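Have a look at the structure below, then the notes.
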There are 2 protein chains.
Amino acid sequence: MGFISSNRNNEQLLSKIATNDGHGENSSYFEGWKAYDSDPYHSTQNPNGVIQMGLAENELCFDLIQEWVQNNPKASICTAEGANEFKEIAISQDYHGLPEFRQGVAKFMGKVRGDRVTFDPDRIVMSGGATGAHETLAFCLADPGDAFLVPTPYIIQDQVSRFDRDLRWRTGTQIVPVVCESSNNFKLTKEALEAAFQKATEAKIRVKGLLITNPSNPLGTVLDRDTLKTLVRFTNDKNIHLVCDEIYAATVFNQPGFISIAEIIEEELYCNRDLIHIVYSLSKDLGFPGFRVGIVYSYNDQVTSCARKMSSFGLVSTQTQHLIGSLLSDDIFTEKFIAESADRLAKRHEIFIKGLAQVGIGSLKSNAGLFFWMDLRRLLKEPTIEAETALWRLIIHEVKLNVSPGSSFHCSDPGWFRVCFANMDMTTRMSPHSPISSPLVRARN
Amino acid sequence: MGFISSNRNNEQLLSKIATNDGHGENSSYFEGWKAYDSDPYHSTQNPNGVIQMGLAENELCFDLIQEWVQNNPKASICTAEGANEFKEIAISQDYHGLPEFRQGVAKFMGKVRGDRVTFDPDRIVMSGGATGAHETLAFCLADPGDAFLVPTPYIIQDQVSRFDRDLRWRTGTQIVPVVCESSNNFKLTKEALEAAFQKATEAKIRVKGLLITNPSNPLGTVLDRDTLKTLVRFTNDKNIHLVCDEIYAATVFNQPGFISIAEIIEEELYCNRDLIHIVYSLSKDLGFPGFRVGIVYSYNDQVTSCARKMSSFGLVSTQTQHLIGSLLSDDIFTEKFIAESADRLAKRHEIFIKGLAQVGIGSLKSNAGLFFWMDLRRLLKEPTIEAETALWRLIIHEVKLNVSPGSSFHCSDPGWFRVCFANMDMTTRMSPHSPISSPLVRARN
């Protein structure tokens with residue numbers, strides 16, 4: 001579907017954004033996608049195809065959602081029960097969003113955090129997915145050339161490097177990595193933060209914020225209370241923003257439980273809330289990436305106001321707002337969903353971790369997310385990115401598993417791979433082509 | 001709902017975009033909205049309230065749409081008939097969009113243009129409404145500081161100046177007005193284009209394109225074949241882009257019929273198609289602004305490819321794509337809808353024009369759109385913007401009609417007002433508070 005330009009003059013006809021390579025689609029990560037796309041696994045039609053384990057999708061609880069949808073036809077404007085609202089919903093274009101949508105999302109955000117904090121529906125700002133939310137915040141907080149500190153390894157998105165695109169591409173902002181290492185389980189330390197800040201300052205780059213993912217993508221871990229307090233104090237001291245991507249908040253399936261930045265700022269005596277911003281989405285926690293529900297939740301009034309104006313470029317369809325508003329206002333449903341989803345994720349995670357352990361393959365201890373961080377360092381011929389890439393190609397083309405190499409997450413230590421486990425049904429796992437053990441045994445040979 | 005910042009330091013904490021006034025929400029146009037919001041007309045509960053005639057919404061054919069939706073439950077993933085597709089649709093996030101959506105939209109775009117041209121589904125690129133489509137094109141075609149020529153009077157959008165925001169705010173591009181005047185019925189001439197281009201060049205501003213709305217918002221007129229050919233030749237000669245906003249294509253309700261730029265480039269022997277781009281949307285032609293369906297249709301492969309990558313920031317909800325794909329693939333429905341919609345718009349338009357004519361108020365002859373361009377020049381105390389604003393305030397606060405003054409469309413001649421006529425039901429029109437005649441008679445007194 002990609003068009004190749006026939007016009008050599010495009011470079012001067014088009015913008016720098018259109019003619020540079022800032023989008024990141026040419027990353028090595030994309031190669032795995034192509035391998036999968038050209039030979040996708042199917043239990044009967046293509047049992048020797050590539051199994052997709054590079055996609056952080058959550059398919060485990062659609063039965064609960066579909067049951068709710070069928071039992072609540074009024075939530076849709078396309079049913080006999082809900083159709084009388086069709087016109088009113090279809091013509092509504094207020095960038096504040098439908099009140100029931102904002103209330104439902106705010107309530108759900110509280111529920112996911114154990115109702116230990118509440119969220120103000122008036123601060124719920126829509127954006128086109130978390131993708132749009134991150135770009136919106138970058139536009140609000142930073143000028144071209146300004147930078148955000150981002151701990152490694154950091155998030156990629158399906159098909160394209162996520163922060164590389166969301167933050168940098170159109171906003172002109174930069175990313176300064178905060179290097180976290182295997183040696184202390186990728187813990188985010190004050191020393192690493194200070195070192196990154198110092199390095200940026202020396203390079204005369206203005207740092208405007210720190211961006212974290214909690215739970216972490218790709219690690220599948222959560223930040224503890226002490227670390228979160230360190231982050232608040234560090235960013236407050238430097239007078240820079242703290243952007244917390246909490247889009248995996250409801251995927252925490254084991255102890256320790258999730259602690260939101262929203263809780264920390266309630267506990268801290270001194271905290272400038274104007275510097276605190278949360279990115280949320282329903283793509284992971286509910287498994288609705290197609291619905292494009294991204295949320296900017298800022299404690300800064302001016303950012304909330306500006307982000308809302310920007311949401312005109314990425315509003316959520318009112319048809320979807322209406323459905324989501326009803327779904328998330330149903331406490332009985334959301335409580336059941338959150339509990340059941342965690343339970344299913346825990347079971348699925350355990351099957352994979354145990355299966356790998358049986359063949360001597362370990363992973364970083366994790367309790368959240370739709371993936372784990374697999375340690376194949378011992379399988380590398382040498383501790384280099386080249387060796388990691390060679391192993392990754394072997395896994396894709398010979399073992400026929402599309403997992404994601406650490407290098408595509410800017411990981412400093414070669415040999416780690418992100419493995420997604422919630423985007424396939426159990427028949428895939430149980431096939432002779434099982435990803436649990438045999439293929440990786442093959443990889444070791 | 002607007003937050004007032006408590007932090008005086010925000011100016012240095014936030015970006016220039018967040019702290020400047022580029023969004024345009026503080027325009028005088030917004031004042032009319034506030035007046036309406038604080039005292040909205042209701043036939044029984046507030047018969048003396050402000051009647052909203054500033055909103056270019058199309059409410060005339062929802063009965064046809066609702067009938068189709070009820071007869072086609074499989075088009076929705078929330079009905080018993082369609083629910084088995086819920087999961088597949090909800091998790092789909094390919095930025096190419098659902099194939100049935102692209103095919104449906106391409107087919108509808110052809111139907112709206114009398115099937116005289118066809119559109120390639122592979123060139124259908126999604127964006128968050130026309131708002132997102134215009135910003136996407138600006139990001140693709142121009143660097144900060146570059147300019148687009150835009151004929152006056154030019155479009156505003158509900159609540160905020162449209163092109164002022166869409167083109168300029170986050171992209172940093174500029175608008176150079178091409179001045180069109182009452183004296184020749186606002187015709188867009190080659191001389192006016194050359195003068196604007198010349199002026200920009202003298203100011204050392206690089207012009208990257210010409211942006212037109214056809215049918216015109218706010219004039220409600222269509223461009224004739226000769227003018228369209230002039231525009232293609234002018235932009236080709238200058239080697240600049242021609243962006244055609246055709247979001248009102250299906251609202252042409254009288255002769256002369258609509259001619260799309262897609263037809264003109266088929267007819268022109270020499271035309272660099274890499275310079276031609278169409279913006280489309282379903283907000284006006286179908287009346288679905290809430291669904292946020294915006295389309296970039298570029299004949300330039302590289303722009304198509306780049307715009308598609310950018311669509312990640314403003315994808316249409318797959319729930320909505322699925323519904324729209326089914327709806328617009330139904331030829332029997334679309335043909336009936338297009339004919340019936342034009343018929344109803346023609347009748348509504350005639351009622352208003354005749355009613356105003358009876359009290360001696362004229363308007364620019366028009367045959368398209370959801371509005372007409374009312375001539376109140378004779379009611380001005382003097383031919384100035386100040387006098388126009390004074391009259392407008394009288395109309396809003398005394399006559400209780402929210403119409404839009406020409407100055408908010410950057411019209412060069414004071415005394416013109418845009419009147420929207422398709423966003424209210426007939427009970428409003430027939431009330432004692434009728435906008436047809438008595439209020440404007442009052443305004444004359």
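The values are calculated or read from the model by the stated rules, or taken from the named source; none is laboratory data. From a predicted model like this one, the values you see are computed outputs, not experimental measurements. Here the Cβ is made from the backbone with ideal geometry for all residues, glycine too, and neighbour counts use every protein chain on show.
Quick notes on this structure:
- Residue in the range A:111-121 that is in contact with a helix residue (DSSP H, G or I) (Cβ under 9 Å, 6 or more places away or on another chain) and within 14 Å of chain B (Cβ to nearest Cβ) present: yes
- Hey, residue A:396 modelled with pLDDT of 90 or more, more than 16 Å from the chain's Cα centre (by Cα) and of a type in the set (A, V, I, L, M) or not: yes
- Which numbered condition residue A:171 fails, given (1) in contact (Cβ under 8 Å) with a residue 60 or more places away in the chain; (2) closer than 25 Å to residue B:173 by Cβ; (3) among the β-branched types (Val, Ile, Thr): (1)
- Residues that are under 19 Å from residue A:186 (Cα atoms), part of a loop (DSSP other than H, G, I, E, B) and polar (S, T, N, Q), drawn from the range A:220-253: A:221
- Taking the range A:284-389 as the region of interest, the helices (runs of 4 or more DSSP H) fully inside it that hold 2 or more residues being hydrophobic (A, V, I, L, M, F, W, C) and more than 9 Å from chain B (Cβ to nearest Cβ) are A:318-329, A:331-358.
- Residue match in the range B:321-330 (condition: of a type in the set (Gly, Ala, Ser), crowded, with 24+ Cβ neighbours inside 10 Å and more than 19 Å from the chain's Cα centre (by Cα)): no
- Selected residue [β-branched (Val, Ile, Thr) and in contact with a helix residue (DSSP H, G or I) (Cβ under 6 Å, 6 or more places away or on another chain)] from B:221, B:201, B:230: B:230
- Residues of the range B:64-76 satisfying the condition of being part of a helix (DSSP H, G or I) and either more than 9 Å from chain A (Cβ to nearest Cβ) or in contact (Cβ under 8 Å) with a residue 40 or more places away in the chain (or both): B:64, B:65, B:67, B:68, B:69, B:71, B:74, B:75
- Residue in the range A:255-265 that is farther than 24 Å from residue A:373 by Cβ, assigned to a helix (DSSP H, G or I), within 12 Å of chain B (Cβ to nearest Cβ) and modelled with pLDDT of 95 or more present: no
- Hits in the range A:382-414 - residues which are charged (D, E, K, R) and more than 21 Å from residue A:48 (Cα to Cα): A:382, A:386, A:388, A:413
- Candidates B:362, B:325, B:355: the one that is farther than 30 Å from residue B:76 by Cβ and touching a residue at least 60 places away in the same chain (Cβ under 8 Å) is B:355.
- Hits in the range B:268-283 - residues which are touching a residue at least 12 places away in the same chain (Cβ under 8 Å), closer than 17 Å to residue B:234 by Cα and not in a strand (DSSP E or B): B:268, B:270, B:271, B:272, B:273, B:274, B:275
- Residue A:191 vs. criteria in the same structural domain as residue A:115 (by the TED database) and more than 26 Å from residue A:340 (Cβ to Cβ): yes
- Residue in the range B:124-143 that is more than 10 Å from chain A (Cβ to nearest Cβ), surrounded by fewer than 24 Cβ atoms within 10 Å (Cβ to Cβ) and touching a residue at least 60 places away in the same chain (Cβ under 8 Å) present: yes
- No other residue among B:268, B:350 is acidic (Asp, Glu), at pLDDT 95 or above and surrounded by fewer than 24 Cβ atoms within 10 Å (Cβ to Cβ) apart from B:350.
- Evaluation of residue A:148 against the conditions (1) within 26 Å of residue B:19 (Cβ to Cβ); (2) at pLDDT 90 or above; (3) surrounded by fewer than 24 Cβ atoms within 10 Å (Cβ to Cβ) shows that the sole unmet condition is (3).
- Residues located in the range A:353-375, provided they are polar (S, T, N, Q) and crowded, with 18+ Cβ neighbours inside 10 Å: A:363, A:366, A:367
- Going through (1) over 24 Å from the mean Cα position of the chain (by Cα); (2) at pLDDT below 90; (3) surrounded by 14 or more Cβ atoms within 10 Å (Cβ to Cβ) one by one, residue B:88 falls short only on (2).
- Qualifying residue in the range B:36-48 (condition: surrounded by 17 or more Cβ atoms within 10 Å (Cβ to Cβ), in contact with a strand residue (DSSP E or B) (Cβ under 9 Å, 6 or more places away or on another chain), assigned to a helix (DSSP H, G or I) and not assigned by the TED database to the domain that holds residue B:293): yes
- Every condition in (1) touching an Asp or Glu at 6+ places or on another chain (Cβ under 6 Å); (2) at pLDDT below 95 is met by residue A:414 except one, and the failing one is (2).
- Residues in the range B:191-218 that are farther than 19 Å from residue B:409 by Cβ and not in a loop (DSSP other than H, G, I, E, B): 12 in all.
- Among the residues of the range A:77-92, those that are facing chain B (nearest Cβ under 7 Å) and among the hydrophobic types (A, V, I, L, M, F, W, C) comprise A:78, A:80, A:83, A:86, A:89, A:90, A:91.
- Flag if residue A:235 is within 23 Å of residue A:17 (Cα to Cα), crowded, with 22+ Cβ neighbours inside 10 Å, within 14 Å of chain B (Cβ to nearest Cβ) and free of Cβ contacts under 8 Å to residues at least 60 places away in the same chain: no
- Considering (1) free of Cβ contacts under 8 Å to residues at least 24 places away in the same chain; (2) among the aliphatic types (A, V, I, L, M); (3) within 26 Å of residue B:345 (Cα to Cα), the lone condition that residue B:203 does not fulfil carries the number (3).
- Among the candidates A:70, A:66, A:12, the residue that is modelled with pLDDT of 80 or more and in contact with a Phe, Trp or Tyr (Cβ under 6 Å, 6 or more places away or on another chain) is uniquely A:66.
- Considering (1) over 19 Å from residue A:321 (Cα atoms); (2) surrounded by fewer than 20 Cβ atoms within 10 Å (Cβ to Cβ); (3) within 14 Å of chain B (Cβ to nearest Cβ), the lone condition that residue A:60 does not fulfil carries the number (2).
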